[in-house]
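Student: Before we start, here is the structure in question, set down as structure tokens.
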Amino acid sequence: MIEILAESHDNVLGIKGSGKITDQDYKEVIIPKIDSILSKYGRGKFLYYLSEEFEGFELGAMWDDLKYAGSYSDKFDKIALVGGPRWVEWTTKVFGHFVKAEMKTFAEDQLDDAWQWIES
């Protein structure tokens, strides 16, 4: 399940993922919201918070993430990943070599720090 975080504004999007993230979450929530931000502002900042209830991604959601992020990799200034299991952090570091955005990972208890970083 995906929810847009209340701190989101202008070209800064924060989302919270919990449970199993689905292809439908990407197609109905994340992609339209990012498209709207990029259409209006041209560039964006993205904070992805994986709560302790996060259970993983469906295969379709993982494909959407890779495909979509790759096609818009030059449109993000910063991407913060907060929380999630260790494999998510490792994947983010590997994926970071293929995007132009500045990427940083944060522990779940550093959500406030992540917001400060993404806003700077």
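Student: Quick one: how many Å² of Phe106 are accessible to a 1.4 Å probe, rounded to 10?
Tutor: Ignoring ligands and nucleic acids, Phe106 comes out at about 20 Å².
Student: Would you mind telling me the share, in percent, of accessible area of the chain contributed by carbon and sulfur at probe 1.4 angstrom?
Tutor: Details: 3560 of 6780 Å².
Carbon plus sulfur share of accessible area: 53 percent.
Student: Ranked by accessible surface with a 1.4 Å probe, highest first, in what order do Leu5, Leu47 come?
Tutor: On the way: Leu5 25, Leu47 0 Å².
The ordering from most to least exposed comes out as Leu5, Leu47.
Student: Report the semi-axes of the equivalent ellipsoid for the stretch 25-66 in whole Å, largest first, where each axis is √(5λ) for an eigenvalue λ of the Cα gyration tensor. Display every interim value, and only then the final one.
Tutor: Working: eigenvalues 95, 33, 13 Å².
Calculated on Cα positions only, the semi-axes equal 22, 13, 8 Å.
Student: Let me ask something additional. Given N residues in the chain, what is its alpha carbon radius of gyration divided by 2.2 N^0.38 Å?
Tutor: Details: Rg = 12.9 Å, N = 120, 2.2 N^0.38 = 13.6 Å.
Against the compact-globule rule of thumb, the ratio is 0.95.
Student: Determine the percent antiparallel among the DSSP beta bridges restricted to the stretch 1-69, to the nearest 5.
Tutor: Values: 4 of 13 bridges.
If I count the DSSP bridges inside the stretch 1-69, around 30 percent turn out antiparallel.
Student: Quote the FRET efficiency, to the nearest 0.05, computed for Asp113 versus Arg43 with a Förster distance R0 of 22 Å and r equal to the Cβ-Cβ distance.
Tutor: Numbers: r = 22 Å, r/R0 = 1.02.
With a Förster radius of 22 Å, E is 0.50.
Student: Once ligands and nucleic acids are excluded and a 1.4 Å probe is used, how much of Lys20 is accessible, expressed in Å² to the nearest 10?
Tutor: Counting only protein heavy atoms, Lys20 exposes about 100 Å² to solvent.
Student: To the nearest 20 Debye, how big is the dipole of the chain about its Cα centre, given +1 on the beta carbon of each Lys and Arg and -1 on that of each Asp and Glu?
Tutor: Details: 14 positive and 22 negative charges, 114 e Å.
Around 540 debye, computed over the chain.
The values are calculated or read from the model by the stated rules, or taken from the named source; none is laboratory data. In this text the structure is predicted, and so the values were computed from the model without any measurement. Because the Cβ atoms are built from the backbone with ideal geometry, glycine has one as well, and the counts that use them run over all protein chains shown. Note: areas computed on protein heavy atoms with side chains; ligands, DNA, RNA excluded. Shrake-Rupley method; radii C 1.70, N 1.55, O 1.52, S 1.80 Å.
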